[in-house]
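Undergrad: For reference, the structure I am asking about is given below.
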């Protein structure tokens, strides 16, 4: 019995080393409102960033959106040199710093429109993250809710592809 107790204690203490998500943290994998993509929020220096790590449909299915059967790319980016980069793996959030319950000072990139927005985010519960995108004033903008990936999946720097940058 004592051996079992020691084993359980060691396992519980070692869990953070194996990538468990702190349910009170914004870091981890989040499902978008529509459920069609997952974002990984991760530390980048002293700030928080995010990238697209999964899409329900990573290829174009409709000829109006892009060439059917080809990989979805950042085709609406204002910089023509960036329009061929894949949306899968694209860094879409950067620069968030924690201030009194909010993560402020960040920017969010919307590959569907090719626009950058100022953003802030707040953990509403361990499973819900409120994201607010705006131009100028946060009163004029849109709120968006992300839901924590139920598996608690965490990707680490070791299994993450090199960043593509936010532009």
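Undergrad: Testing the spin-label approximation: label points 7 Å from Cα along Cα→Cβ at residue 140 and residue 124. State their distance in nm.
TA: According to this spin-label approximation, the distance is 2.5 nm.
Undergrad: If r is the Cβ-Cβ distance from residue 47 to residue 68 and R0 is 45 Å, what FRET efficiency results, to the nearest 0.05?
TA: Numbers: r = 38 Å, r/R0 = 0.85.
Taking R0 as 45 Å, the efficiency between residue 47 and residue 68 is 0.75.
Undergrad: Please arrange 74, 110, 79 by counting, for each residue, the other beta carbons lying within 10 Å of its beta carbon, fewest first. Can you show the working numbers first?
TA: Details: 74 20, 110 12, 79 9.
Listed from fewest to most nearby Cβ atoms, that is 79, 110, 74.
Undergrad: At 0.36 nm per residue, minus the direct Cα-Cα distance, what do residue 54 and residue 34 gain on full extension? Give it in nm, one decimal, please.
TA: Numbers: separation 20, 0.36 × 20 = 7.20 nm, distance 1.29 nm.
Full extension of this stretch gives 5.9 nm more.
Any read-out appearing in this document is the output of simple, stated calculations on the displayed coordinates, not a laboratory observation. From a predicted model like this one, the values you see are computed outputs, not experimental measurements. So basically every Cβ, Gly included, is an ideal-geometry build from the backbone, and we count neighbours across all protein chains shown.
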